[in-house]
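J.: Please see the structure below; I have some questions.
Rule-based calculations on the coordinates, nothing more; no lab input. Since this is a predicted model, take the numbers as computed values, not measurements. Glycine gets a Cβ as well: all are built from the backbone with ideal geometry, and neighbour counts include every protein chain shown.
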Amino acid sequence: MKLFRPLLAVGVIATAYFSAQAIGHHAFSAEFDPNRPLILKGPVTKVEWVNPHSWIHLEHTNESGEKEQWMVEGGTPNTLLRRGVNKRTIKPGTVIVVDGYQSKDRSQRANGRNITLADGKKLFMGSSGTGAPVDGADPTGR
Amino acid sequence: MRLAKRYANYGKVAAANDRAWWLEEGEDVEGPYDDPEVRTTSDRCLQGFGSTGGPPMLPTLYNNVKRIVQTPDHILILIEMVHDSRIVRMNSEHISPDIRKWMGDSIGHWEGDTLVIDTTNFNDTPGLYNATRDLHVVERFTRTEDALHYSFTVEDPNTWTEPWSGNYNWPRSEETVYEYACHEANYAMGNILRGARILEAEYREKAAADKE
């Protein structure tokens with residue numbers, strides 16, 4: 001009984017445990033297609049602050065000028081909160097640019113790497129290490 | 001067998017993402033995306049990935065915070081990832097080997113200032129990569145100035161020729177432990193299965209065209 005104080009919270013600093021199994025909640029390659037990178041731009045319509053992954057919805061205007069409704073997967077709410085990103089960081093109406101990869105079901109869903117705000121500020125969406133391609137979006141990516 | 005096959009497919013999935021390679025062996029062979037139950041337990045939100053809840057409890061990409069609660073008879077270790085809780089019975093015996101659990105059956109005792117936890121009775125899918133139901137894990141927790149020193153030894157004759165060990169520090173933290181209710185909106189499962197159906201349709205179409 002002498003070792004721990006009751007309710008002792010122990011945080012384990014993620015010493016990046018990369019292996020064949022470091023796949024995130026789900027394997028990136030099971031859900032998304034690394035051969036379909038995309039850039040989406042438009043106003044945020046909804047933010048789903050949910051487990052196991054957050055989803056940001058936006059209205060993208062394609063090359064033909066048509067409006068498309070997309071949803072983009074981000075990191076877990078827990079992880080984003082610890083990085084200072086919360087449900088109110090990106091309000092509906094905010095114009096964002098999303099750098100990501102389309103889902104393998106070819107629907108208007110994507111995995112997000114980065115979000116860029118109008119002022120150039122970048123929010124990292126937390127998909128690194130899930131098997132997403134090492135594309136330079138994450139400077140610590142390997 | 002089902003499990004072994006699933007993991008054997010991982011490398012292929014990453015290498016060939018653009019076609020339904022699992023149909024190459026025939027339509028009757030079980031594929032890695034046939035139904036939700038052949039997906040990994042982390043895809044299914046049943047367990048965290050990378051043995052985060054273990055045992056042994058390994059550091060993974062995120063949500064590594066733990067909370068430990070003690071009573072005289074039990075120790076609870078709450079693992080943030082997939083909000084798993086391990087409940088360790090102190091100075092007890094293992095339950096019948098007929099009863100199998102996702103995180104095994106854990107009993108504990110003190111050796112001086114070190115807490116020792118012994119875990120057996122796993123089901124067929126322990127959190128530890130490649131482990132089987134015969135996994136046996138012994139964990140040791142020793143308080144240091146600013147951390148818990150965690151060490152473990154793993155045995156599983158079905159997978160490893162001899163026991164192996166690891167250790168790392170769990171730094172003390174004032175972090176809030178958040179809930180991680182993985183099932184809340186697991187859109188990934190639907191996306192994964194729909195994607196596989198599309199690749200399969202394309203594969204069959206191409207196979208039919210090649211025949212003509």
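J.: The range A:28-117: D in µm²/s via Stokes-Einstein (Kirkwood Rh, Cα pairs, 10 °C, 1.306 mPa s)?
T.: 121
J.: Pick from B:MET103, B:MET189, B:MET57: which is most flexible by mean-square fluctuation in a GNM of chain B where alpha carbon atoms under 10 Å apart are linked?
T.: Judging by the Gaussian network model, the answer is B:MET189.
J.: Then there's this: At 37 °C and 0.692 mPa s, what whole-number value in µm²/s does Stokes-Einstein give for the translational diffusion of the range B:49-121, with Rh from the Kirkwood sum over Cα pairs?
T.: Roughly 255 µm²/s, to the nearest whole number.
J.: In bins 5 Å wide, starting from 0, what share of all Cα pairs of the range A:79-125 does each bin hold, as a percent?
T.: That works out to 5, 19, 24, 27, 16, 8, 1, in percent per bin.
J.: Additional query: Given 0.36 nm per residue, what is the gain on full extension from B:ASP113 to B:VAL69 after removing their alpha carbon distance, in nm? Intermediate results must be reported in sequence, preceding the final value.
T.: Numbers: separation 44, 0.36 × 44 = 15.84 nm, distance 1.67 nm.
My answer for the length gained is 14.2 nm.
J.: Roughly what percent of Cα-Cα pairs across the range A:41-91 reach past 19 Å?
T.: Cα-Cα pairs in the range A:41-91 separated by more than 19 Å: 30 percent.
J.: Let me ask something else. Which percent of Cα-Cα pairs in the range B:19-80 sits in each 5 Å bin, short to long?
T.: Spelled out bin by bin, the range B:19-80 gives 4, 14, 17, 14, 12, 12, 9, 7, 4, 3, 2, 0 percent.
J.: To the nearest 10 degrees, how steep is helix B:187-211 against the longest Cα principal axis of chain B, on a 0 to 90 scale?
T.: 30
J.: Something else about it: Using +1 on the beta carbon of Lys and Arg, -1 on that of Asp and Glu, and nothing else charged, what's the dipole of chain B about the Cα centre, debye to 20?
T.: On the way: 22 positive and 36 negative charges, 41 e Å.
Result for chain B is approximately 200 debye, rounded to the nearest 20.
J.: Under a point spin-label approximation (7 Å from Cα along Cα-to-Cβ), what is the B:GLU25-B:HIS149 distance to one decimal in nm?
T.: That separation, rounded to one decimal, is 4.6 nm.
J.: In addition: Quick one: of the DSSP bridges fully inside the range B:88-134, what percent are antiparallel, nearest 5?
T.: Just about 70 percent of them are antiparallel.
J.: Simple spin-label model, 7 Å along Cα-to-Cβ: B:ALA207 to A:LYS67 in nm?
T.: Inter-label distance under the simple model: 4.3 nm.
J.: Related question: Report the Stokes-Einstein translational diffusion coefficient (µm² s⁻¹, integer) for the range B:4-163, Rh taken as the Kirkwood radius over Cα pairs, at 4 °C with viscosity 1.567 mPa s.
T.: Working: Rh = 17.4 Å.
Diffusion coefficient, whole number: 75 µm²/s.
J.: Let me ask something else. In nm, give the distance between the simple-model label positions of B:TRP102 and B:ALA181, each being 7 Å from the Cα along the Cα-to-Cβ direction.
T.: A separation of 1.5 nm, rounded to one decimal place.
J.: Can you give the alpha-carbon Rg of the range B:98-212 over 2.2 N^0.38 Å, where N counts its residues?
T.: 1.65
J.: I would also like to ask the following. Using the Cα centre as the reference, give the magnitude of the dipole from point charges on the C-beta atoms of the range B:101-212 (Lys, Arg: +1; Asp, Glu: -1; all else neutral), rounded to the nearest 20 debye.
T.: 440
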